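Enquirer: Below are the structure tokens for one structure; questions will follow.
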Amino acid sequence: MNETPAQEPAPESPRPAGELPPTARGAAWYGSADVASFIHRAFTKAMGYDDADLQKPIIGICNTFSELNHCNRGLKDVAEAVKRGVLQAGGLPLEFPTISIGEVFVSPTSMFFRNLAAMDTEEMIRGQPLDGVVLLAGCDKTTPAQLMGAASADVPAIMVTGGPMLNGRYEGQDLGACTDCRRYWTEYRAGTVDAETMSALEDNLCRSQGHCMVMGTASTMASCAEALGMMLPGGAAIPAPDSRRLRFGEASGRQAVRLAREGLRPSQIMTRQAFENAIRVLHAVGGSTNAVVHLPAIAGRLGIDLPLDLFDDLSRVTPWLANLRPSGRFQMEQLFEVGGVPAVMKELEPLLHRECLTVTGQTMGDNLNAVPPISARSGPSVKRAREVIATLEEPLDGEGGLAILRGNLCPDGAVIKHVAASPYLLRHRGPAVVFTSLADLSARIDDPHLEVTPDSVLVLQQVGPVGGPGMPEVGNLPIPKKLLAQGVRDMVRISDARMSGTSYGTIVLHVAPESAAGGPLGAVRTGDEIELDVPARRLTLHVPQGEIERRLAAFAPPPAPYRRGYGRLFLDHVLQAPQGCDFDFLVGNSEEARRAAALSRDLRS
Ligand code: FES
């Protein structure tokens, strides 16, 4: 078959493009009097569509369903619901697959593939005849990857996530993935929980399809998508198996057609102010540290800089409101019951940019005008709602959930989720116990002869963007078994890795520059004194600067684990954590991308 390269919108189209704006892209594929359009029409008719279909806005459904991604398994049904909505509104829905990243299954780490998924999403949106796209995401990396790709492609887009799992249930208590995976595994290692109990937990933890149901990374990024204005209000918290998620999908399908007709693009929605709203919500829900990597990556695609200091500045003036695990008590099912993310945003409203446009076609302020405040409710539901969502006046904490640290150990910053840390460790000084790699950690952490005390600071090197590679979620180093036996359940732990949003503890992450890039973390030696001071936002290696430099001068990076393929591309181009770990050649605003597309069209013609 001859290739028929798709063209950008033709200057004059003999085929009316319905109500679409002049930038409509379907007309470029189907509406010209040239051989390319002829072949596009013929091959589309081969799929059973007729001329009437080709007059409609073409809405792609970008589906990350995969049988190797348990979190996204429900998206097949959601896609069918979205299609009904698209048809109801007069559009033509066409579903297509992209890479799916199942957090716990892919190797070496899910983050390694996020940029690949973002490239897949961007190119498939740009490269196909779509007037609009519905992004179907779920598990941790699929949501930011789709938002990054959609930002770069800048075709009208709306996000629908697959929703959280129902709460796990075991002997009368709610279980949360994977906060309880870690909690019980720690107790199992400590010998306080037996293998039989672990087996029962394994059967009861994940009760339904959906993503992790605590405020982990998937829930956080879904909440951020809503706060950015890229999702219809209320979508983030609907449990995956709840029929309301399908109805939400239908509504989103209808709205995708309206967005395509209006030509409202992601770059008009995801503005600097919208990202500030998302960061506020991140802090208010006690969200995942991973958002501090993903949000700058999404923003970077639009030419918007989100420095770490912005996260810290907003953390200082945004209270923690949502009492959700792993920082608090409840899970997404309870958040949904009391009003979901819109209820949190209603409390936060005085601190938000109300003027931001959203996928409803209205502003965030207009959307929030339709949300009844908890204070206006009556009956027992108010008490329950107030248990889950605190007021601005009496928050769970006066500051947001995350803090950015600076100091000679992390000149370019580091992140700590202090609301999930032990208050007694937020100011701590102790001697380092250094592990130079994951293999070293595995080999020695439970060695009975390891010289470690509860005051020690565990340090893990070579697990950053390049060193990992891909910043594996290993920042929550296990507590040494001999300390577990003494009842120790938390210690200060420091690395250039990430951690799961479902994790907890006094854990300093994303140390930048990473050790594999010559950062000072690589200069730490066992016995060095390290001081953590979260209120002062300081992380200090108490070693003379000359000695640090002498050690770094002797540092030799380990051999690159990849010489070819995607691994090589990753190692050559990945940015550091504060820049979002995107590839250097993908950062840039979509105006530039559009100009580049127009230039290549001119060169072709
Ligand atoms: Fe997919 Fe937790 S494993 S969200």
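Enquirer: In the chain, if the dipole is taken from +1 on Lys/Arg beta carbons and -1 on Asp/Glu beta carbons about the Cα centre, which of Ala236, Phe435, Cys410 is farthest to the positive end?
Expert: Highest projection toward the positive end goes to Ala236.
Enquirer: Computed over the Cα atoms of the stretch 85-225, what is the ratio Rg over Rh, Rh following Kirkwood?
Expert: So for the stretch 85-225, dividing Rg by the Kirkwood Rh gives 1.09.
Enquirer: For Tyr188 and Glu67, what does the FRET efficiency come to when R0 = 30 Å and r is the distance between their Cβ atoms, rounded to the nearest 0.05?
Expert: Working from the Cβ atoms, E equals 0.55.
Enquirer: State the percent of C-alpha pairs, over all pairs in the stretch 289-375, separated by a distance greater than 15 angstrom.
Expert: Looking at the stretch 289-375, the distances longer than 15 Å represent 70 percent of pairs.
Enquirer: Please give the charge dipole size of the chain, origin at the Cα centre, charges +1 on K and R Cβ atoms and -1 on D and E Cβ atoms. Round to the nearest 20 debye.
Expert: 440
Enquirer: Using only the Cα atoms of the stretch 385-486, build the gyration tensor, take square roots of its eigenvalues as a ≥ b ≥ c, and label the shape rounded, prolate or oblate: rounded if a/c is under 1.5, else prolate if a/b is larger than b/c, else oblate.
Expert: Here the stretch 385-486 falls in the prolate category.
Enquirer: A further question on this structure: Along the charge dipole of the stretch 360-509, pointing to its positive end and built from +1/-1 on Cβ of Lys, Arg, Asp and Glu, which listed residue (Ile507, Ile445, Ser375) has its Cα farthest out?
Expert: Checking the options against the dipole of the stretch 360-509, the answer is Ser375.
Enquirer: Additional query: Once R0 is set to 22 Å, what does the formula 1/(1 + (r/R0)^6) return for the Cβ-Cβ distance between Arg444 and Leu552, expressed as a FRET efficiency to the nearest 0.05?
Expert: So, using R0 = 22 Å, E works out to roughly 0.40.
Enquirer: Okay, next question. Excluding same-chain residues fewer than 8 positions from Lys481, which lysines have a Cα within less than 28 Å of its Cα?
Expert: By straight Cα distance, Lys481 reaches Lys417.
Enquirer: Please compute the length gained on full extension between Arg568 and Asp490, using 0.36 nm multiplied by the number of residues separating them and subtracting their Cα-Cα distance.
Expert: 24.4 nm
Enquirer: What order, most packed first, do the peptides 302-315, 365-378 have when packing is the mean number of other Cβ atoms within 10 Å of each residue?
Expert: Going from most to least packed, we get 302-315, 365-378.
Enquirer: Could you work out the helix-only [θ] at 222 nm for the chain, with each DSSP H run of four or more residues adding -39,500 (n - 2.57) and the total divided by the number of residues, to the nearest 500 deg cm²/dmol?
Expert: Rounded to the nearest 500, it is -11000 deg cm²/dmol.
Enquirer: Based on the Cβ-Cβ distance from Ser378 to Glu171, what FRET efficiency comes out when R0 is 41 Å, to the nearest 0.05?
Expert: 0.75
Enquirer: Sticking with this one: On full extension of the chain, what length is gained from Glu337 through Tyr49, given 0.36 nm per residue of separation minus the C-alpha to C-alpha distance?
Expert: Gain on extension, Glu337 to Tyr49, equals 99.5 nm.
Enquirer: Peptides 285-295, 92-102: what's the order by average Cβ count within 10 Å, highest mean first?
Expert: So the order, starting with the most tightly packed, is 285-295, 92-102.
Enquirer: Stick to Cα atoms and the Kirkwood definition of Rh, then tell me Rg/Rh for the chain.
Expert: 0.99
Enquirer: Starting from the Cα-Cα distance between Ile39 and Phe585, subtract it from 0.36 nm times their residue separation and give me the gain in nm to one decimal.
Expert: Taking 0.36 nm per residue and subtracting the Cα distance, the gain is 193.2 nm.
Enquirer: Let me ask something else. A 29 angstrom limit on the alpha carbon distance is what I want to check against. Which of Lys56/Lys76; Lys141/Lys346; Lys45/Lys83 exceed it?
Expert: With Cα atoms farther than 29 Å apart: none of Lys56/Lys76; Lys141/Lys346; Lys45/Lys83.
Computed from the coordinates by the stated procedures, all read-outs in this text should not be read as laboratory data. Here the structure is a predicted model, which is why all the values come from computation and not from measurement. Cβ coordinates were reconstructed from backbone atoms using ideal geometry, including for glycine residues, and neighbour counts include every protein chain displayed.
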